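The values are calculated or read from the model by the stated rules, or taken from the named source; none is laboratory data. All values derive from a computational prediction rather than experimental measurement. Virtual Cβ from ideal backbone geometry, glycine too; neighbours counted across all protein chains shown. Protein only, heavy atoms only, side chains kept; ligands, DNA and RNA dropped before computing areas. Shrake-Rupley method; radii C 1.70, N 1.55, O 1.52, S 1.80 Å.
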Amino acid sequence: MNARFEAKLHGDLEALKAAGTYKRLRHITTPMAPEVHMEEAGDVIVLSSNNYLGLADEPEVIEAGKRGLDRYGAGTASVRFICGTFDIHRTLENRIAAFLGTEASLTYVSCWNANTGLFPTICDEGSAIVSDELNHASIIDGVRLASKARRERFRHSDMRDLDEKLASVAGAFPIVIATDGVFSMEGDLAKLPDIVALAKKHGAIVVVDDSHGTGVMGRTGRGTVEHYGLTGQVDVITGTLGKALGGAAGGFTAGSLALIDTLIQRSRPQLFSNALPATVACSALAAVEYLEAHPELVRRLHDNVAYFRAGLKRLGYKPLEGESAIVPIIVGETAFAIKMSEKLLERGVFVTGFGYPVVPEGTARVRVQMNAKLTREEMDRALAAFASVGKALGLVG
Ligand SMILES: Cc1ncc(COP(=O)(O)O)c(C=O)c1O
C-alpha cells in the first residue's frame, strides 16, 4: 500500500467525521419489511426503503426466486450476446414491455447500467441531450458518457428554460430530453404533459427514468406516464427492479423494438457485463405479476402517503409538497439532518438524512419513503418519534 495515498484517504475520512457528514452503514439481519431488525438499533420501523409496495418479502416473489435458483443455477456466467441470455430474460422483458405499454424492453443488472448504457448509444456527433438539472446521478453520468453530443441542462422543471434550451440545439439530431419521472430527492413529478408537448414542438424524443414512479404512480402502478394518461407518448422509459418491483436488483430500458435491438447491438453494459441473474429475473417477474393482480396495493400506498403526510403536518412539519411516495423534510445543514436521523433511530425509526453533495448545500433533508404495508399503528409510532425528536431539536413546537 502506498503510505502517502493511505494517509490522504484517512485524512479525507477524518474530515467527513469532523464535519458530521460521515455515513455509517447499518446492518439489517431480517428481510426488508416495514419493520426490520438492525444490529446497531434493534427492531426499527423502516421509512427509508424503496420497497414501496412491500414486495421485497412477499412470499410469491421469494418463492419465484428460489425456483429460479433451482432451475437456472447461480448466474449466467456470461454477457447476454455471448451465452448469457436465458428464456426467463425474454419472458421478463416481454412482461415489462406489456406492463408499460411499449413494444419491447431490455434488462440490465441495474438501472444505473440502463441509464449509462442508453445515452452514449443513441447520442453521437451531431445529437443533443437536454437534461433536468435535478436528474438522478445515473442520468447525469450517462449523459456525460455521450461525450460527442451537445449537452444542455434546464432548470428543474422550468418549462420555459426547457423550451429555450431545445431551441438552442435546433438542427441537432436526435434531440433527447432526459428527465426523472419522480425526482428522488424532492419527491415531485416531472411535468410530463408539457415535456411531451415541447418534444413535439422541437422534434425531440423523451426519455423518462421512472425508477421511483414504477409501481408507485398511476392507478395501477404503471408509473408517472400512466399517472398523466400519456401511455404510448413517451419514447423511452428506464426503470429499476430494485425498488417497488421486488427490490432485489436490476434495471430496464423500455421503448420501440428498433431501440431495444440497437441497445442489444451497441449498449456497452450489455456487451461487456454479465446479464441479470436468472433468480433475480424470476422474482422480478413474480413482482410484476403480483402488482398486476393486486392493484389495490398501489391504493394502499397512496392512502399511507396521505395519512403520514397529514400526520407530519399536524405535528408542525412542512414536508415538500408532492404526489409520490417520497416525503422530504428540509432541515438545512447536512450534520443536522444526520443528527435528526440518528435521534429517530434511537426512537426506533429508520429514516435517512441526506446532505451535500447529494442535495445542494443548505437543503439537507430527512427523506421519508412510504410503504404500502405499513400499518396505521406503525405509522402512529413513527409519528410519535417524529414528534419527540422534532421538539428536542427545536424543529416543531
Ligand atoms: C431515479 C433513479 N434512477 C436510477 C437509479 C439506480 O437504480 P439501480 O439501483 O437499479 O441502479 C436510482 C436509484 O437510486 C434512482 O433513484
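With the largest listed first and rounded to whole Å, the semi-axes of the equivalent ellipsoid of segment 143-209 from the Cα gyration tensor are 19, 14, 10.
Between GLU342 and ALA77, what FRET efficiency follows from the Cβ-Cβ distance if R0 is 30 Å, with the result rounded to 0.05? Don't skip to the answer; put the middle values down first.
Working: r = 42 Å, r/R0 = 1.41.
Calculated value: 0.10.
For the chain, find the longest principal axis of its Cα atoms and tell me its angle to the long axis of helix 376-392, 0 to 90°, nearest 10. The angle comes out near 70 degrees. Given springs between every Cα pair under 10 Å in a Gaussian network model of the chain, which of VAL236, VAL169, VAL46 has the largest fluctuation? Residue with maximal mean-square fluctuation among VAL236, VAL169, VAL46: VAL169. Sparse packing (at most 15 other Cβ atoms within 10 Å of the Cβ) combined with a DSSP loop state is found for none of the chymotrypsin sites (Phe, Trp or Tyr not before Pro) in segment 218-310.
Segment GLU377..ARG95, full-extension length gain: 97.9 nm, with 0.36 nm per residue of separation and the alpha-carbon distance subtracted. For segment 192-286, the square roots of the Cα gyration tensor eigenvalues, ordered a ≥ b ≥ c, give a/c of at least 1.5 with a/b no greater than b/c, which places it in the oblate category. Overall, the accessible surface of segment 59-293 at a probe of 1.4 angstrom is composed of carbon and sulfur to the extent of 52 percent.
Peptides 179-186, 327-334, 240-247, ordered by how many other C-beta atoms sit within 10 Å of their residues on average, highest first, read 240-247, 179-186, 327-334.
In sequence order, segment 221-232 has phi-based couplings of x, 7, x, 4, 5, 5, 3, 8, x, 10, 3, x Hz under the Karplus curve 6.51 cos²θ - 1.76 cosθ + 1.60, θ = phi - 60°, and Gly or Pro positions carry x. The charge dipole of segment 282-397, taken about its Cα centre with unit charges on the Cβ atoms of Lys, Arg (+1), Asp and Glu (-1) only, comes to about 440 debye.
State whether segment 71-138 is rounded, prolate or oblate according to the following rule on the C-alpha gyration tensor (a ≥ b ≥ c being the square roots of its eigenvalues): a/c under 1.5 gives rounded; otherwise a/b larger than b/c gives prolate, and the remaining case gives oblate.
Because a/c hits 1.5 or more and a/b exceeds b/c, segment 71-138 counts as prolate.
Give me the angle, in degrees from 0 to 90, between the Cα long axis of helix 3-18 and the longest principal axis of the Cα atoms of the chain, rounded to the nearest 10. Value to nearest ten degrees: 60. For the chain, the orientation-averaged shadow of the C-alpha convex hull comes to 20.7 nm² (one quarter of the hull surface).
Helix 59-72 versus the longest principal axis of the chain: what is the Cα-based angle in degrees, 0 to 90, to the nearest 10? Roughly 50 degrees between the two axes. Summing Lys and Arg as +1 and Asp and Glu as -1 over all other residues whose Cβ lies under 11 Å from the Cβ of GLU35 gives a net charge of -2.
Rounded, prolate or oblate: which fits segment 20-143, taking a ≥ b ≥ c as square roots of the Cα gyration tensor eigenvalues, rounded meaning a/c under 1.5, else prolate when a/b beats b/c?
Oblate.
Note on segment 59-293: dipole from Cβ charges, positive end direction compared against ILE177, THR91, ALA199; the farthest Cα belongs to THR91.
Each listed q (0.09, 0.18 Å⁻¹) maps to a log10 I(q)/I(0) for segment 59-293 from the Debye sum over equal C-alpha point scatterers, namely -0.34, -1.31.
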